[in-house]
1. Looking at ASP113, ASP82, which is the one that is of a type in the set (Asp, Glu), out of contact with any Phe, Trp or Tyr (no Cβ under 6 Å at 6 or more places or on another chain) and either modelled with pLDDT under 80 or buried (at least 22 other Cβ atoms within 10 Å of the Cβ) (or both)?
2. Quick test for you: out of LEU279, LEU293, LEU300, LEU286, pick the one residue that is aliphatic (A, V, I, L, M) and within 26 Å of MET443 (Cβ to Cβ).
3. Only residues in region 32-48 that are on the phi < 0 side of the Ramachandran plot count as the first member; pair them with residues that are among the aliphatic types (A, V, I, L, M) and outside any helix (DSSP H, G or I), Cβ under 9 angstrom, at least 6 apart or cross-chain, and list the lot.
4. Across region 385-434, what is the number of residues that are over 28 Å from HIS357 (Cβ atoms) and in contact with an Asp or Glu (Cβ under 7 Å, 6 or more places away or on another chain)?
5. Of the residues ILE188, ILE179, ILE160, only one is in a helix (DSSP H, G or I), over 30 Å from ARG75 (Cα atoms) and free of Cβ contacts under 8 Å to residues at least 40 places away in the same chain; which?
6. Can you confirm whether PHE242 is buried (at least 19 other Cβ atoms within 10 Å of the Cβ) and within 25 Å of the chain's Cα centre (by Cα)?
Amino acid sequence: MSAREGPLKRRSSRDALKWSYILAWVTKGINIVSLFVLAKLLGPEAFGVAALAMTFVMLIEVIVDSGLMMAIVQRKDLDPRDLDSLFWLNIAISVVLALLGYLGSDLLGWVVDNKEVPLMFAALSPLILVKGLTVVQMGLAQRNMMFKTLAIRGATGAAIGGIAAVVAALAGLGIWSLIVQYLTTALISLVMLWRLGDWRPTMRFEWKRATSFFHFSSGIVSSQIAVFAANHADVFVMGALFGEAAVGIFRLALRVVNLAVDMLVRPVQVVATPRLAGLQHDPAALRAETLRLLRKSTLLMLPAMAALAASAELCSVLLGSRWQSAESAIRILTILGVVKSATLLSGPVLLALGRSHTAAIGSWTSCFVTVAIVLLVGMLTRNQDPTAQVDAIAWARAAALTLFVAPVQCFFMGRMIQLTIPSLALAIAPGVIAAIATLTVGMTLQASTQALGASEPISASCAAFSSMLTAAAIVVLLRRRSRQDQTSTRAAWTVTSAIPLPTADPATGDRQ
């Protein structure tokens, strides 16, 4: 690497991370607003039915993607004929699956005891074809770190989709306003992606070239299906045992936590995959970059989860008493956000090293444990009240991730790049300190305002704003200190390199 190439690559990585965060903050910020407006208008039952229908669509979308997006990112050399062949094969698969989904939607009536779920699934089946049309374009955009393009595309789709959904809900479409949101967002995002991207397919197809991607992607899709099953086991269990209202309350709480994850640490994961793939032949640089990204993600996520736990009571204040059961679930599920921030890099590390099948083994092992725990807890709490049911499933998800999934992911990641426990602890230490301080300030102020006789909305708002401000202030201070340390280290190395090393006299061997 030349002297100029290093700074250019670092600048490219920083720009990609900046636009990745812009993408996350704009799109997820719009999603948060539309989520709360629709939740207040529609209620838990509507959200539960939509979650059941959308879960089946998302499963088919995982199959359509087949890990091909990451295969495009990871492959060292790409031939235009490879992309053409892959595109047409993917379109054929998408059309077949979309038709099967539409024609077989009535079969969902046997799985879920709700007449609206099959109808909604049939209405959402075009999303499968839309997914097929985005795979190659998204893979190329991520490979080339075109996150500015993705930010524009995501923000536009989220904004128009959110507005369309709110208008539909106000017009009295009820649960179908969620379908309007999903379809509008997907279609607008598709148009923007093709509008802003410069790649276009040609009428070329070679079977061998198209299937050459599947050796690597088969491990990815296997891993993705396992992760999907683990992340959505609660929908199936709660839908079968508890009813749509419990599903809606739990999925809202989980979505709030996941939105925070998507806004704060998912951009790091997205940028990490192409960045680490470029370092796969330099173990020391790969290890150092992994620890740097881990420090960044935990420093952002841990205090944010503490702030969210301290301000969970705002849920019923903003959405009404129908959603009060989501407050305790949000607090419990913040554990997921904390653990995810420390493990999200395990996937990019394994993919960067071409170990997609190793990732699949870990994902399936974790999947079986998670599904078993959620199913067991669901059966044990079947006859309890809805709040207890939702909390029990939340604890089941948190326990499965913390006690089993995270250790497995950390084991594989540490073994692949020789990470030590002290180095991991040192990387996450700033985030832990910030989280403790944030939670302490938020809970203390909430208790103080309650003792002074303040109403629940005021005390919850005080806890929320104080904890958020504390988290933001600590993160800024720690990051500023980190930059100062890095600057001092670079200056010290510059001074050291300027001092001439002592040389030996060839005749006597004495130092001069």
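The values are calculated or read from the model by the stated rules, or taken from the named source; none is laboratory data. Computed from a predicted model, the values in this text were never measured in an experiment. Ideal geometry is used to build each Cβ from the backbone, glycine not excepted, and the neighbour counts take in all protein chains shown.
1. ASP113
2. After ruling out the rest, the residue left standing is LEU300.
3. Every condition considered, the pairs that remain are LEU42/ILE175; GLU45/ILE175; ALA46/ILE175; PHE47/ILE175.
4. Residues flagged as over 28 Å from HIS357 (Cβ atoms) and in contact with an Asp or Glu (Cβ under 7 Å, 6 or more places away or on another chain) within region 385-434 amount to 1.
5. Of ILE188, ILE179, ILE160, the one residue that is in a helix (DSSP H, G or I), over 30 Å from ARG75 (Cα atoms) and free of Cβ contacts under 8 Å to residues at least 40 places away in the same chain is ILE160.
6. Judged against the criteria, PHE242 is not a match.
Here's the yes/no breakdown for (1) closer than 30 Å to GLY320 by Cα; (2) without any contact (Cβ under 8 Å) to a residue 12 or more places away in the chain; (3) exposed (fewer than 14 other Cβ atoms within 10 Å of the Cβ); (4) of a type in the set (Val, Ile, Thr):
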{"position": "SER423", "(1), (2), (3), (4)": "no, no, no, no"}
{"position": "ALA427", "(1), (2), (3), (4)": "no, no, no, no"}
{"position": "GLY431", "(1), (2), (3), (4)": "no, no, no, no"}
{"position": "THR440", "(1), (2), (3), (4)": "yes, yes, no, yes"}
{"position": "THR444", "(1), (2), (3), (4)": "yes, yes, no, yes"}
{"position": "THR449", "(1), (2), (3), (4)": "yes, no, no, yes"}
{"position": "GLY453", "(1), (2), (3), (4)": "yes, yes, yes, no"}
{"position": "ALA460", "(1), (2), (3), (4)": "yes, no, no, no"}
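Listed here are the residues, each with its yes/no results for (1) closer than 25 Å to PHE404 by Cβ; (2) crowded, with 24+ Cβ neighbours inside 10 Å; (3) at pLDDT below 90.
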| residue | (1), (2), (3) |
| --- | --- |
| VAL317 | no, no, yes |
| SER325 | no, yes, yes |
| ALA352 | yes, yes, yes |
| THR358 | yes, no, yes |
